[in-house]
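FYI, it's all coordinate maths here, none of it is from the lab. Since this is a predicted model, take the numbers as computed values, not measurements. Using ideal geometry, Cβ is built from the backbone for each residue, glycine included, and neighbour counts are taken over all protein chains shown.
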Amino acid sequence: MTRARSPEDDTTLGRRGSWLLGGPMLVFVVAMFGYPAYLVLRTSVASGDGLESGGFSLTHYVTFFSDSLYLDALLNTFVIAVVSTAITAVLGLLYAYEITRRPGLRTVLLLLLVLPLLVNGVVRIYGLQLGMISLDRLLLDAGLRDTPLGLQYSFAGIIIALVMFQFPFMALAIYAGLSRLDVSLVEAAQTLGAPRRAVLLRVVLPLAVPGLVAGSVLTFAAAAGTFIIPAMMGGGRVNTIPQMIYTSVSQTSQWATASAFAVVLVAILAVSILYSLRRGLRSTAGTR
Amino acid sequence: MGRERVRYPAFAICFTLLLLVPLVVVVATAVNPGAYIKFPPDGFTLDWFTTAVETPRFQSSLLLSLRIAVIASVVGLALTIPTAVAITRGRRRLRPWVSTATVLPLITPDMLLALGLLIMLVQIGMASSLIGLVLGHVLIGMPLAVQVLVAALSGVDENVEQAAQTLGASRATAFVRVTLPAILPAIGSAAVFLFIFSFDNVSISLFLSAPGQTTLPITMFQYLEYNSDPTVSAMSTILIVLSLVVAVVLSRLGGLSHLAGSPTRRSS
Amino acid sequence: MTFTHQSGTAPASTEASVPYLRLRAVTKQYPTGGGVAGVDLTVAKGDMLVLLGPSGCGKTTLLRTLAGLLQPDSGAIELDGQDLVSVPTFRRNISMVFQTWALFPTMTVRDNVAFGLKMRHVGKQDRNERVARALELVGLTEFADRLPRQLSGGQQQRVAVARAIVVEPRLILMDEPLSSLDHRIRVQLRAQLKDLQRGLGLTGVYVTHDHTEALALGDRIAVMDAGRIVELGRPVDVFARPTRRYTAEFLGLANVVDVSADGGGYRTAAGARIPDDVIAGRSDVVAVALRPDCVRLSQTDDGGTPGVVRVVEYQPGGVLHDVELTGGARLQALTPVGLSYSIDTPVFVTPEWSKAVPLAD
Amino acid sequence: MAPELSRRSLLTIAGGLGAGYLLAGCGGDDEPSATGASGGSGELVVRTWSGVWEGAVNAMASGFESASGISLLNDPGSDTLTLLEQRPGEHDVAWLIGTDSTRGMTDGTLEPIDTSRIERFAQINSRLSDGITQDGELSGVPISYTATGIIYNRDRLGFEITSWEDLWREELRGQLCIQNAPSIGGLFLVFTGARVFGSGPDDYEAGWKAIEELAPNVQFLFNTSSDGISKLASGSVLACVTIADQGVPLREQGIETVIPEEGTTYSIQSLTVPAESKNKDAAYEFINFMLDQDNQVEWARNGKAAPSTTDVTLPDDLASELLETPAVAESLWPIDWYEFGQQIPDWTTRWQRIFGS
């Protein structure tokens, strides 16, 4: 049974020890994340579009919010991120719950789950696209469909690829939480008259929420920030913000414009994540 | 009635197989005799494997990637192990700061990290050094490594460490002799995460690798720009096989379950 | 059913009561060994049956089979005339208190208790009233909005009990619900539990390895060994007059002395003759149990067997001496406080064999 | 998507602003060829692209070495322009495409070619060199080129493609793939549209209107050329606009390649001389070597690109592999790479508005 941790264990590491061990990471993150983030923010409000133009101007933001090309791209990015996160979360939950309850082949499955992570993303997208083409051809040949499914070069294709790419992280995050699930909780719910669905919904789901939130944040950030997947799976037909950033920097060297895009994207990411975190935390106020 | 025997997770098996379809397709395209990537292949040849192994670019990029990944893993572990200790055993006031700091890079898209890092590295004049690339790789692999280590460390009973201290071990000795061995599999998993994130990274490498020093994913990416033959498929197949071997070895060592924390069993 | 206190008007717990719960030849074996084999059992309505035995004897398996968490390989379980085996756990209308209590960590005390009522689609108002009453009954009204981890062990245990009784189950199952608590709280809660069960007229099955708990809680006790019930009866009978050597040894309350037939009578290995009326004509006797207070000690040679006091232990009922007899055998003797002997004192031991209880294997 | 472009531009800008301290920042020790071993009179360091080009240069190296006595060091890779800026003096000759070659001139990384030192300059197809010449200064020497063509599955399409106009036909609806912007392969179609449907090569508005009308026919935009080829091989598209020679291996699949007679766009492989080259003599010697008639054939064979000189006759086996016939060479549309390079940013945005949903 969970026993509340006593405050005494705070003393395991002294003040000096804590800083000594935790300090390097803080320095590292400030240097490698905080300062670069500041630079991007600074660049985004520069008056010119160059790297060190200085000055202050919101032109780049005005450009962004006054052009439907960019606003549409933002909407696309957001929709893709939300939908793929939701699908990944549901599938990840089912997957993690199943391998928690039915341990057969668990090690093998986890191993195979990690395997695709080791293969270059571009190559995996090729594999996925060629697989989709074969599926289309199979369906057409078998006479099950008259037209291709249209999975490629569409929202659907981008979302399928994102789900497949992010699924291992989601499943592992949820499984990490569920694997600590005390089986007797499920049994207790059963003895109290809860059918399978109620057990899942009322007992398992709340326990899976921390992992679910972690996995969702990860997936959402990755889905909103991915460049290669919409570029290849979208076939150039679906504009997203990361593609805009890439083009701005790579072709036109518009540093400030790219930085402004980046700031907008991160701001939306942060707001969404914080919002869902707060909701997630409220609903799981009880879990550790 | 047999219901208590091992039960197979049907959905999980099916879905895992589905996830592997792209890999199977890649392997299949590697044996296509024609100089194009096609599935299903028109025939069978191993020529592209020869080409892949003999292409000097691939060789040097592979070596570079391996070197960077190993360095990133070592540097990453040196950074993440103390961090995980600080998070699990440090002062309460410090903990949320450290754990928040480690999560930040995870929720920021790679490409934006790369953009910021590049601007900074250019400013301090390290834009094309290996150090920048390695640190960039550590930055993106570090969050998951910390999580794995924290999960493992919080599973280690601190009483055991304290018991060692009552038996005359200093705090450091107790940690090294008692706690560290207990989380060794997790350290292995963290190292694997750091390695994978470095080895497979495209975004950071694209922005931060020095000209003339392209890592394998970038080289494969660039190869596809000019060539449509299956050499890249063959190279990927070799990587798949290698990683399968590594994964099997890892799971034999018992490290795999720590990827996701080990399950607790009912005690009855 | 209402939560009125009916202490003192408990139904008579006799074998003659109508069987409310009936198990017939229930078998559940594990591939790796263990489980239960061919268990027959009846429990009368309103009775508390305690399954007593060491770990691994199958008592928890039997309980989980009753709960439906395990499917028996064969055999029948009937509750109130209805076959239970084919009914899934959640439709059995029973409840269970787990060893770890299994409180839902994400729910408050109130929500934990209300869970079973929600599952039974009890209306909100009715539900709130019943939860409040159940919490009042276990004395946790002011903790209703806490989370389980914010409670002490004893309080958590009471939540688990409240959660189990609030649904007015046809059968309440308890799996060592007190074993992870301190002794003092355990004794206190034991009494409350008995009170509640009697008061509410609940029929229950209680699993424990602690014989004092069994003695305190059981209307009847079933002692289990290796998947079988070896002894079944009222607590007083099982404790005062066990019939099997296994039971006597497991309870640990008495000296167990091997005896063997010797031409019409039984003798101990040391040659002492067991009176015939103790054996009462039985032919399956392999040992006798003799309570320590039926063994007399003396420092003067009164015809007893010589021995030396090896261990002295003070107990509520007197002083327990562990005496090593000449030849190596050991016997425990209980004397009043004033008449005790110190360690290494040579004594003469006189067992009152007429008070011995015959034991079968 | 030309990933090498990103860092190049980033660092180009960065290099300009960050000034000289970038020079000290090169911590790499991985590339033996790039470690400042250049500059000796007897050594030439060349920079080419990876992939097929790397092998092609290696195949030419021994011939050059025995002919000139100069040892050749090949340092293949991307981001050449950035590299030349960051590590001046390390390379003597560099392969660049038209837009990069002209930009290298504009920002002073490259020096203008002294055409008097190019022995066979007159034999170079002037259509190829004109586009990279501004104010009489040539930014690089084109040694080969690859023409844009239409690769298509004639059996399934049901008709023969002969003209660029055919791309707009109803039968190709949703069956065509072209390269995505900002890479040049897709943007070429603006030129094509201007010529085919507009009043002339400069009628870009007509070109853009044509792109809008082409959009329904386009199934997807590819980012790597191999993407288009592999989809064609798999049969999920019927036609693809890309480097014509890439269609050759697909012949056995019954897939045809056509370079329409009205002319076509093309990409050039130009040899440039960095301003800081320490061995310019050897650089010119190498350029001359590559322009030699026999070597033009060798290079065409290895690099799978057409010779830039007009007096070269390819042997039959090679001629069947390269679709850039003399007639094609004559019909190439002039491209002003200076202007094109400047248009790319705006064109890319316009492109995204048309194709992005």
> Between residue C:74 and residues 5 or more places away or on another chain, which pairs have amide H atoms under 5 Å apart, with H built 1.01 Å from N, and which residues are they?
Replying inline: C:27
> Around residue C:96, which amide H atoms from residues at least 5 apart in sequence, or from another chain, sit under 5 Å from its own amide H, with H modelled in the peptide plane?
Replying inline: C:173
>> As I understand it, the value is the acute angle between the Cα axis of helix B:184-199 and the longest principal axis of the Cα atoms of chain B; what does it come to in degrees, rounded to 10?
In response: 30
> Which of the lysines could a cross-linker bridge to residue D:231, judged by Cα under 28 Å and excluding same-chain residues fewer than eight apart?
Replying inline: B:38, D:209, D:304
>> Based on alpha-carbon centroids, what's the gap between the range D:133-148 and the range C:218-251 in Å, whole number please?
In response: 103
>> Please enumerate, by chain and number, the lysines with C-alpha under 29 Å from the C-alpha of residue C:118, excluding those fewer than 8 residues away in the same chain.
In response: C:45, C:194
>> Whole-Hz ³J(HN,Hα) for each residue in the range C:86-102, computed from phi via Karplus 6.51 cos²θ - 1.76 cosθ + 1.60 with θ = phi - 60°, x for glycine and proline: what do you get?
In response: 7, 8, x, 3, 6, 9, 7, 6, 10, 8, 9, 10, 8, 4, 9, 6, 6
>> Check which residues have an amide H placed less than 5 Å from residue C:48's amide H, if you skip close sequence neighbours.
In response: C:204, C:219, C:220
>> If each DSSP helix of 4+ residues adds -39,500 (n - 2.57) and the sum is divided by the residues in chain A, what number results at 222 nm, nearest 500 deg cm²/dmol?
In response: -22500 deg cm²/dmol
> Hey, what's the Kirkwood Rh for the range A:35-283 if you take every pair of different alpha carbons, in angstrom?
Replying inline: 20.5
>> Quick check: the distance between the Cα centres of the range C:265-323 and the range B:69-139, to the nearest angstrom?
In response: 76
>> I'd like the Karplus ³J(HN,Hα) series for the range D:148-153: coefficients 6.51, -1.76, 1.60, θ = phi - 60°, whole numbers in Hz, and an x wherever there's a Gly or Pro.
In response: 7, x, 10, 9, 8, 9
> Angle, helix D:293-303 long axis vs. longest principal axis of chain D, Cα atoms, 0 to 90°, nearest 10?
Replying inline: 60
> Where the centre of each part is set by its Cα atoms, how far does the range A:177-241 sit from the range A:84-129, in angstrom?
Replying inline: 12
> With a 10 Å Cβ neighbour count serving as the proxy for reagent exposure, in which order, fewest first, do C:57, B:14, D:240 appear?
Replying inline: B:14, C:57, D:240
>> For chain D, take the longest principal axis of its alpha carbons; what is the angle in degrees between that and the long axis of helix D:204-214, to the nearest 10 within 0 to 90?
In response: 60
> Of the residues D:149, D:51, D:186, which exhibits the maximal mean-square fluctuation in a Gaussian network model of chain D defined by a 10 Å Cα contact cut-off?
Replying inline: D:51
>> Please list 3J(HN,Hα) in residue order for the range D:160-177, calculated via the Karplus relation 6.51 cos²θ - 1.76 cosθ + 1.60 where θ = phi - 60°; whole Hz, with x for glycine and proline.
In response: 8, 8, 10, 10, 4, 4, 4, 4, 8, 6, 4, 4, 8, 3, x, 10, 10, 10
